[in-house]
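Nothing in this text is a laboratory measurement; each read-out follows from the coordinates by a stated rule. Remember, it's a predicted structure, so these values are computed and weren't measured experimentally. Reconstructed Cβ throughout: ideal geometry from the backbone, glycine too, with neighbour counts over all protein chains shown.
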Amino acid sequence: MTLVDLEDLALGEGGHLLVARGLATSPVIAVRGRDPALAADLPAWCRSLGHGLADLQRGAIVTATITRTTADRWVGAERAGAADPRAPGAIAATPPARWGLAARGALVEAGAPAFDFPLADRDAVWTDDAARLYAAAAAAQWDPATAIPWDARITHPPEVEDAVVQVMTYLVENETAALLVPARFLAQLHPHFREVMQLLAIQVADEARHIEVFTRRARLHRDALGTSAAAGQASLHTLVVEPDFATAAFLLSVLGEGSFLALLHFLRDHAPDPITRAVARLSAQDEARHVAFGLAHLARHVGIDPSLRGRLATAVERRHAALAHTTGLNADVFDALVLLAAGSWAPADLRRGHAAVVALAAEMDSGRQARLARLGFDASEAAALSSLHTRNFM
């Protein structure tokens, strides 16, 4: 029989760990100790766990025999996949609601409450790239206070500064929608898909940071921000209210943020000052990851369920019809982009600036078609769907 000597350690000071350790290796153990409360604590502890207690001897040295119960609180428990997503069977096809908030790979005790996580279908949300993209996102986080040269000198004319403010106002509006969409689905995602959950969370953090820096750049030399057009709000509204995760990811990340990435590169290349250039460059790095996640998860989904392509095409057509009555891109934003690309009011410069914005729209279209092709749309389908994308860019 195994002897567990507690010496003067009380059961409530950690002595129970030594007793439990002994029972884990032997069905019957002898326990002794000098703690005065041991004679009362041992019977209570055994009763609470169902262990048998015999031969209890009180005195300066307390002794007893404990027999391990045959009952096991972990009977009926199940392993919630595996912590390593690369392990065979690590990611469940449909993790049960009773796994709840348990860490993937944990042993989940029977009787845990069921949580309502509507997004619990691996094929709808998972991508093997999630862990890599999250690691890249975590490593690439930047501090707005130190990463951007806020004290850099601005020498461009007041009208150009007004154009920067208008574009920044537009960016804030669009990035707010880009924050709200993943935030809404984040709360619906089963935590079993933790890498996707983390990726959505850091995407929300990225957008929050973008809103901060765009607002700060707009207010750097102006008290008031620019204009917000009803058409732009209508376009973003269709994104915010989209109830389907795959469709929302497609419209936002693959089409919208993909086009927005080209806009940020445009602003980086035509920025009239180092501050605007840094804001656009750093934000574009983040947006590229958002687009990569949208493409990776949808490419996997389409590979499993090719009919998804038809539903995505219908979503584009439905959104186009819903926005047919709107005027498209805010005219103030278009004019601001022209002026930024021109850099001056000289007619020749304005002609060049206008041509640059027209080229930007063509680049956006080309990028959308390329991303649609990656999802399996043929060239004619990709061209048709890209042409139906909102003129508000996002």
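Computed over neighbours whose Cβ is under 12 Å from that of Q285, the net charge equals +1, Lys and Arg +1, Asp and Glu -1. Hand me the trypsin sites (Lys or Arg not before Pro) from region 296-391 located in a DSSP loop with no more than 16 other Cβ atoms within 10 Å, in residue order please. Answer by residue number: R391. In terms of its C-alpha gyration tensor, region 2-67 comes out rounded, because the ratio a/c of the largest to the smallest axis stays below 1.5.
Mind listing which trypsin sites (Lys or Arg not before Pro) in region 3-98 are in a DSSP loop and have 12 or fewer other Cβ atoms within 10 Å? Let's see the in-between values first.
Values: sites: R21, R32, R34, R47, R58, R68, R73, R79, R86, R98; in loops: R34, R58, R68, R73, R86.
Within region 3-98, the qualifying trypsin sites (Lys or Arg not before Pro) (loop, at most 12 other Cβ atoms within 10 Å) are R58, R73, R86.
Tell me whether region 214-359 comes out rounded, prolate or oblate; compute the Cα gyration tensor, take square roots of the eigenvalues as a ≥ b ≥ c, and use a/c under 1.5 as the rounded threshold. Since a/c reaches 1.5 and a/b is larger than b/c, the shape of region 214-359 is classed as prolate. Take the Cβ atoms of D378 and A234, set R0 to 25 Å, and the FRET efficiency comes out at 0.25. If you take the square roots of the eigenvalues of the alpha-carbon gyration tensor of region 308-376 and sort them as a ≥ b ≥ c, do you get rounded (a/c under 1.5), prolate (a/b over b/c) or oblate? Oblate is the answer for region 308-376, as a/c is 1.5 or above yet b/c matches or exceeds a/b. Look at the dipole of the chain built from charges on Cβ: of A292, G258, P85, the Cα furthest out on the positive end belongs to P85.
Taking the Cα centre of the chain as origin and charging only Cβ (+1 Lys, Arg; -1 Asp, Glu), how large is the dipole, in debye to the nearest 20?
Result for the chain is approximately 540 debye, rounded to the nearest 20.
On the beta carbon distance between R132 and A362, with R0 = 25 Å, the FRET formula returns roughly 0.20. A value for Rg and Dmax of the Cα atoms in Å was derived from the coordinates, and within the list [x] 30.3, 104; [y] 24.1, 80; [z] 21.6, 78 it appears as [x]. Relative protection proxy for 320-327, 283-290, 99-106, from highest mean packing down: 283-290, 99-106, 320-327 (other beta-carbon atoms within 10 angstrom). Whole-Hz Karplus values for region 345-353 come out as 8, 5, x, 5, 5, 5, 4, 5, x Hz, taken residue by residue from phi with 6.51 cos²θ - 1.76 cosθ + 1.60 and θ = phi - 60°; glycine and proline positions read x.
To test your reading of the geometry: what angle, between 0 and 90 degrees and rounded to tens, separates the Cα axis of helix 15-25 from the longest principal axis of the chain? That helix lies at roughly 80 degrees to the long axis. Modelled spin-label separation between A90 and A322, with each label point placed 7 Å from Cα along the Cα-to-Cβ direction: 3.7 nm.
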